[in-house]
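**Student:** Supplied in structure tokens, the structure appears directly below.
The values are calculated or read from the model by the stated rules, or taken from the named source; none is laboratory data. Here the structure is a predicted model, which means the values were calculated and not measured. Cβ placement follows ideal geometry from the backbone for every residue including glycine, while neighbour counts extend to all protein chains displayed. To get the accessible areas, we keep the full protein, side chains included, count just its heavy atoms, and leave off ligands, DNA and RNA. Shrake-Rupley method; radii C 1.70, N 1.55, O 1.52, S 1.80 Å.
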Amino acid sequence: MPTFRAPRGTRDLLPAERVPMTRLERVAADLAARYGYHPMETPLFEDAAVFERGIGAVTDVVEKELFFVGARADEGERWALRPEPTAGIARAYVQHGMQTWPQPVKVTMTGSMFRYDRPQAGRYRQFWQFDVEAIGDPGPAVDAEIIELAARFYRDVGLPDVKILLNSIGDPACRPAYLEEMTAYYRRHEARLPPLERERLERNPLRILDSKDPAMVDVNAGAPSMTDGLCEACAGHFEAVRAHLDALGIGYTLEPHLVRGLDYYTRTAFEVYPAGAGGQQSAIGGGGRYDGLVELLGGRPTPGIGFGIGLDRVLLALQERADRNAAAEAILAPEPAPLAVVVGSDPADTATRLRLATELRGAGLAVRADLGQRKLGKQLEAAARDGAHFAVIVGDELASGQVQLRDLDAGTQRPTPVTNLARDLERAARTHHHG
RNA sequence: GUGGCCUUAGCUCAACCGGCAGAGCAUCGGAUUGUGGCUCCGAAGGUUACGGGUUCAAGCCCCGUAGGCCACCCCA
């Protein structure tokens, strides 16, 4: 066992993971740019109150999953690592007076989030997310546009068959009334509720509807439905979102029990799951409307809607998938091989190998240099296994100003003057690709 | 935070009833002084996660800790 290892719930992203994840980020960033979103970035940590006030003090995320930054607590500073991106972005919106920008303000952010929960496959204490936010437009069309963007992202990276769960969870105008009605219902049946559900009744009643306890099936069947409890404005908004999605041809599943874990959500809520998995902790994306958040953080009343992509889980879904399409393969493919490797086993030539490689790179070519003193056979073997198409062999003919340019695929080689090397290699590469 | 399963080389895994810790892959070297992805040979790599206990003897049995995984919880 090594003396040190990555802290629980965190992991090192080695090239085999970081490379595909970077591609996911690139696809998402290019896509969002086409929709008019601009990248931004907030600090990794914020005043803890930003999350407590924005996300809600009685949510799991704030109550038990916040990572506090330990420094200087004695000086009254309470910082916490961001558990999600939206609260920080809303704080920035207020701080920078973005209400004076053309509305809606459309931004993206990519990076790590932190939650102190119990790790599991696809559930980490540090995880990566790509996030999209449109702040300042109350209309249902934006909701549909952002869900369509989400659907397109998953399709573009090779997950064309994701399941989009959709719901409306009302707003401050109608949720209290509905909550009162449904808690009253469950109080009447409290004797039949398991302990966990009784606790939820006090703390987070909406969760009861989503219970996995078999004992709850009967009770839940008779419960008042959230959809029926929507006020006219929320119902109309929801209907319009669905109509827009239908017009765009975006498939979704109505899920009246879908409840989001953060207090700031209003009206539209959605989550995205990979095709097969029914597993509950496998959401690969989620989002919704948060019309009260900016105001909670000290701004004017401002509507907003956002969507987060769980990059770790998207990657996992792609890796686990048996029937990968071309898009998925392109995300997971290893990095392209170098065009050529400069090899040579005479220690006296090391400087020349380094110089030649540098010149070739200066000419825009992807060239690896073997700067060791292993025997030539080993170097060629490594170059071939790397997938390089050419080897530049530096050896005796250097005395007459020449190196060997070897075609590793064809197994042929010829001498070429070092002064011509870049042009020669470029030409060889061109004819090679055509052949 | 609750319950359960697991942990042997860098990776994937063996090791009979408790009796000398092994293989494949990967790494490095060798097989004609400077020419290949295959093949052959070899080397290196281990406090059997960590700490205790039982026993003549523990990778194996018992306890604790850590980490991973699964189901909850919750979310991405």
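**Student:** Along the stretch A:298-305, what does the Karplus equation 6.51 cos²θ - 1.76 cosθ + 1.60 (θ = phi - 60°) give for ³J(HN,Hα), rounded to whole Hz, x for Gly and Pro?
**Tutor:** Running phi through 6.51 cos²θ - 1.76 cosθ + 1.60 with θ = phi - 60° gives x, x, 6, x, 9, x, x, 8 Hz.
**Student:** So, one more: How tilted is helix A:140-156 with respect to the longest principal axis of chain A? Cα atoms for both, answer in degrees (0 to 90, nearest 10).
**Tutor:** The angle comes out at about 40 degrees.
**Student:** Could you work out what % of the accessible surface of chain A is carbon and sulfur, using a 1.4 angstrom probe and leaving DNA, RNA and ligands out of the count?
**Tutor:** Here carbon and sulfur together make up 53 percent of the probe-accessible area.
**Student:** Here is a further query. When ligands, DNA and RNA are left out and all protein chains stay put, how many square angstrom of accessible area per residue does the stretch A:340-434 have with a 1.4 Å probe? Don't jump to the answer; show the numbers that get you there.
**Tutor:** Numbers: 5070 Å² over 95 residues.
Each residue of the stretch A:340-434 exposes 53 Å² on average to a 1.4 Å probe.
**Student:** ³J(HN,Hα) across the stretch A:312-326 via Karplus (A = 6.51, B = -1.76, C = 1.60, θ = phi - 60°), whole Hz, x for Gly/Pro?
**Tutor:** Ordered by residue, 3J(HN,Hα) equals 4, 6, 4, 4, 4, 4, 5, 5, 7, 6, 7, 9, 6, 8, 4 Hz.
**Student:** Provide the descending list of Cα extents for chain A along its principal axes, expressed in whole angstroms.
**Tutor:** Reported extents, whole Å, longest axis first: 96, 56, 50.
**Student:** Zone of A:Thr227 (label point 7 Å along Cα→Cβ, backbone N under 14 Å): which residues in the stretch A:160-180?
**Tutor:** The answer is A:165-170.
**Student:** Cα convex hull of the stretch A:340-434: how many Å³ per residue?
**Tutor:** On the way: hull volume 8.0 nm³, N = 95.
Per-residue hull volume (Cα only) is 84 Å³.
**Student:** A further question on this structure: Roughly how far apart, in whole Å, are the Cα centres of the stretch A:42-110 and the stretch A:289-306?
**Tutor:** Value for the Cα centre distance between the two parts: 13 Å.
**Student:** Still on this structure: For the pair A:Asp161 and A:Trp101, what calculated FRET efficiency results from E = 1/(1 + (r/R0)^6), where r is the Cβ-Cβ distance and R0 = 45 Å, to the nearest 0.05?
**Tutor:** E between A:Trp101 and A:Asp161, to the nearest 0.05, is 0.75.
**Student:** Shifting gears a bit: Angle check, please: helix A:175-188 long axis (alpha carbons) against the longest principal axis of chain A (alpha carbons), in degrees 0 to 90, nearest 10.
**Tutor:** 70 degrees
**Student:** Whole angstrom only: what separates the Cα centroid of the stretch A:151-201 from the Cα centroid of the stretch A:404-434?
**Tutor:** Centre-to-centre distance over Cα atoms comes out at 64 Å.
**Student:** With +1 on the Cβ of every Lys and Arg and -1 on the Cβ of every Asp and Glu, and nothing else charged, how large is the dipole of chain A about its Cα centre, in debye rounded to the nearest 20?
**Tutor:** Values: 51 positive and 60 negative charges, 223 e Å.
The dipole of chain A has a size of about 1080 debye.
**Student:** Also: Would you compute, from DSSP H runs of 4+ residues alone, the mean residue ellipticity of chain A at 222 nm, taking -39500 (n - 2.57) per run and dividing by the full residue count, rounded to the nearest 500?
**Tutor:** About -11500 deg cm²/dmol.
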